[in-house]
Amino acid sequence: MVYLATCSLAPRSSNVDAAVAEMLGAMSRPALAWARFEQEIDDLREEISKLINAKPEQIAFLPNASVCAYQILEAMTDLHPLEIVYSHDEFPSIANVWTAEQARGARSYSMDDEGLQVSLGRRSVDPDQTHATLVSVPAVSYLTGRRPNLSKIATTAREAGAVLAIDAYQALGSVPIDVNALNCDFLFAGTMKYALGLPGLAFLYVKEPMRWSAPALTGWFGRQNPFDFESTKLDYALDARRFQTGTIAVPSVFSAKAGLMLLSEVTQKDRAAHIANIVDYTAQKLLVQGEQLVGYQSAGSHGAHVAFLDAEAETLGQRLAEQGIITSPRGNAVRVSCHQYTTTSDIDALCTFLRGYRTHHGGQNDNSIAKSA
């Protein structure tokens, strides 16, 4: 199999298989299982904090990125009226949360990078601005793989007095992340893509956990000691765990730790360099063959996947899969993702198939990206 769909789901690995088996083994001794599960959660919190240059007490575990986004809004409850400025590249699940906040009186706007910069620039010189502003931007576009200038956006947001949230789902494990260098207030991601784990687990980084309102969406894992079993006592944890809700997905915790152990076999610097090289190799080969890339300028301004256009992307993705080449179609684009295990021969196999496919189907399609993109 040629696996080029990590932007959607990590490939299955023997490490993850072994981790899930280990979890099941722990369940054979039920009296001790929860102690083991708690230890895995603590270990994973430590590993994620190292990966993004954070502290363990700044990390909360949640079921998915949408809940992370909602908890950010909960944190800002006392700052209404709220203005939310978010990127055109926002993943729909996150944009949905920002848009739904309009029902609670917020104003939300979708903008490209330039519009976002202009909007924040105006706010920084407007003494009559009464709305608190949340700026939301993905570290890597889920569709095109494009990387915005996060440092520039972060600086402008700070100058405007805005709160900055970063969606790092398509970056974690493929692009180095340093929350201190970014100086962001919140950052969230999941473990099922380039972090090489399973679905069902996300984390929320909170720079200053005690600065924010306690969330109404809560649960026993948001307590100072969940195993006190105090039903009516809302003693919120004194760190980022205060944003947690109910039971954390244990299989996803075990698999996430196994995925991070795989990542640790290569330094972040070497992994990023390999991915950049293979992404550039992919882009150049596709361009030479006449494919139309979406949003690609250079490997340095890109994440780990490249997207090219096709009017029937889902059909093309199915044809590729029949040949053992797994990609990730979205709308009118086929996404090709690279990781530390991707080789030039993987990309050559993709391009060889595409040449035959285009010849058989009368050449390259002339189309444009889906409006929803």
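The values are calculated or read from the model by the stated rules, or taken from the named source; none is laboratory data. No experiment lies behind these values; they were computed from the predicted model shown. We place every Cβ from the backbone using ideal geometry, glycine too, and count neighbours over all the protein chains shown. The area values use the complete protein model at the heavy-atom level, side chains included, leaving out ligands, DNA and RNA. Shrake-Rupley method; radii C 1.70, N 1.55, O 1.52, S 1.80 Å.
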Links that overshoot a 18 Å alpha carbon limit, given the list LYS207/LYS257; LYS50/LYS257; LYS55/LYS269; LYS207/LYS233: LYS207/LYS257; LYS55/LYS269; LYS207/LYS233
Of the heavy-atom accessible surface of the range 145-261 (probe 1.4 angstrom), what whole percent is carbon and sulfur? 53
Rank these residues by their accessible area, most exposed first, probe 1.4 Å: GLU47, GLU114, GLU230, GLU90. GLU114, GLU230, GLU47, GLU90
With a 1.4 Å probe and all protein chains kept in place, how do VAL135, VAL67 rank by accessible area, largest first? VAL67, VAL135
Kirkwood hydrodynamic radius, the chain, all distinct C-alpha pairs: what's the number in Å? 21.7
Among MET192, TYR205, ILE52, the residue whose Cα sits farthest towards the positive end of the charge dipole of the chain, when +1 is placed on the Cβ of each Lys and Arg and -1 on the Cβ of each Asp and Glu, is MET192
For the range 1-48, what does the alpha-carbon gyration tensor say about shape, rounded, prolate or oblate, given a ≥ b ≥ c as the root eigenvalues, a/c under 1.5 as rounded, and a/b over b/c as prolate? oblate
Could you estimate the translational diffusion coefficient of the range 215-314 from the Stokes-Einstein equation, with Rh from the Kirkwood formula over C-alpha pairs, at 4 °C and 1.567 mPa s, in whole µm²/s? 72
Given the convex hull of the Cα atoms of the range 230-373, what is a quarter of its surface area in nm²? 12.9
Comparing VAL20, VAL137, VAL306 in a Gaussian network model of the chain (Cα, 10 Å), the one with the largest mean-square fluctuation is VAL20
For the range 1-107, what is the accessible area per residue in Å², given a 1.4 Å probe and the full set of protein chains? 46
Over the chain, the sum of -39500 (n - 2.57) across DSSP H runs of at least four, divided by residue number and rounded to 500 deg cm²/dmol, gives at 222 nm -12500 deg cm²/dmol
Dimensions of the range 1-156 along principal axes (Cα, Å, largest first)? 62, 41, 30
For LYS269, LYS193, LYS285, LYS50, write out the residues from largest to smallest accessible area, computed with a 1.4 angstrom probe and no ligands counted. LYS269, LYS50, LYS285, LYS193
Rounded to whole Å, sorted largest first: equivalent-ellipsoid semi-axes of the range 55-138, Cα gyration tensor: 22, 15, 14
Report Rg(Cα)/(2.2 N^0.38 Å) for the range 187-226, keeping two decimals. 1.44
Counting only protein heavy atoms and a 1.4 Å probe, tell me what percentage of the range 6-103's accessible area is made up of carbon and sulfur. 55
Per 5 Å bin, what is the whole-percent P(r) computed from every C-alpha pair distance within the range 96-251? 2, 8, 15, 17, 19, 18, 12, 7, 3, 1, 0
